[in-house]
Structure formats: structure tokens, C-alpha cells
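The values are calculated or read from the model by the stated rules, or taken from the named source; none is laboratory data. Keep in mind that this is a model prediction, so the values were computed, not measured. All Cβ positions, glycine included, derive from the backbone under ideal geometry; neighbour counts span all protein chains shown.
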Amino acid sequence: MATRVLMVCLGNICRSPLAEGIFRHLSIGKGFEVDSAGTVNYHTGAAPDRRSIEVAAKNGIDISTQKARQLTTHDIADYDHILVMDEDNLKNAQALCISAEQREKISLLTSASGHGATQVTDPYYGNKKDFENVFELVHDCCKSWLAKHT
Ligand code: 4NP
């Protein structure tokens, strides 16, 4: 059975859609299923932010058909690993847990890498360069995470 991984940020339009696309790209044929969600419902049904679509496309990854959705208690029960982008996401995802076992499924994506960054900072009010930095950081972290779990 595939190992199920869920990428989580706030809006599910900037960081976690990129993380989903990058993880899918890097894990092809390795027995994983990946999706993404946001802790809030502001953007439910929306495509990823244009800047995330663009930086992914520049790196050969198509995330344009992904749609935002909100993280649910069912996700916490159903997924094996819930990888969050920042400390706020961690708190909000943990708040949906009903057991210590569920809380143990949740970790910061950055905790997988020796990159030095302690979280993937929200680029929503940033510029193109911020989105490029998010891409590079998330790519490094997904590679490290997969190295530890395959
Ligand atoms: P994300 O970025 O959590 O990486 O998808 C954000 C998207 C939307 C908002 C904030 C962050 N917002 O305030 O609408």
C-alpha cells in the first residue's frame, strides 16, 4: 500500500501546492501518494497562486490543475505523514488531532533537512524571488525527506 503524505500550509495556494508538485515529481515510482491542504478555507477551489505555477513550470513541474482545499480531521486520520510549512501550520494542524499517535504524524517539512531553515516562510506578500527561494528550500527538504523514508 502506498505511503500517504499530505503537505500543509495556510491558504493551500502558494507553498503546499508547490510542495505537493515537487514531492510527486521526486517520488515517482517510489510508492507514495501526495496531496496538499490549507489550515484555512479562504481559497477553497482556487488554483495555485500564479507565482507558484510559474516557478514550478520553470522547473518542469505542472501544478496548474491542483485545487485548494481545507485540512480536515479526516486528513489527520487518513494520512501517514502530514508535513507542515511553518510553526503556525503546526499548531493549527495539531489542534485537529485526537490522540498522541495522530500528533506524531505531523512535522515541519524543514525538520527533514540539514538546510538550516527552520520553516518555509509564507511568500504571499513577497516577490518572484521569494517564490524561487520557497521552491529551492521545499525541493531540498523533499529530497532529504525522501532519502530518509525510502
Ligand atoms: P500559503 O500562502 O499559505 O503558502 O498558501 C498564503 C496564501 C494566502 C494567504 C496567506 C498565505 N492569505 O492571507 O490569503
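Residue-wise test of (1) in a helix (DSSP H, G or I); (2) closer than 20 Å to residue 39 by Cβ.
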| position | (1), (2) |
| --- | --- |
| 110 | yes, yes |
| 116 | no, no |
| 122 | no, yes |
| 126 | no, yes |
| 134 | yes, yes |
| 140 | yes, no |
| 143 | yes, no |
| 148 | yes, no |
remark   = The helices (runs of 4 or more DSSP H) lying wholly within segment 6-87 that contain at least 1 residues that are loosely packed, with under 14 Cβ neighbours inside 10 Å and not charged (D, E, K, R) are 50-58, 73-78
ask   = Of the residues in segment 92-135, how many are over 20 Å from residue 43 (Cα atoms), at pLDDT 95 or above and not β-branched (Val, Ile, Thr)?
value = 21
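Conditions (1) near the ligand (Cβ under 9 Å from one of its atoms); (2) over 18 Å from residue 120 (Cβ atoms), marked per residue:
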| position | (1), (2) |
| --- | --- |
| 1 | no, yes |
| 12 | yes, no |
| 17 | yes, no |
| 41 | no, yes |
| 61 | no, no |
| 76 | no, yes |
| 80 | no, yes |
| 93 | no, no |
| 98 | no, yes |
task = Give the number of residues within segment 117-134 that are among the basic types (Lys, Arg) and in contact (Cβ under 8 Å) with a residue 12 or more places away in the chain.
result = 1
query = Restricting the first residue to segment 62-82 and requiring it to be within 15 Å of residue 43 (Cα to Cα), which pairs with a second residue that is at pLDDT 95 or above and loosely packed, with under 13 Cβ neighbours inside 10 Å meet a Cβ separation below 7 Å and a spacing of at least six or different chains?
reply = 67/45; 68/45
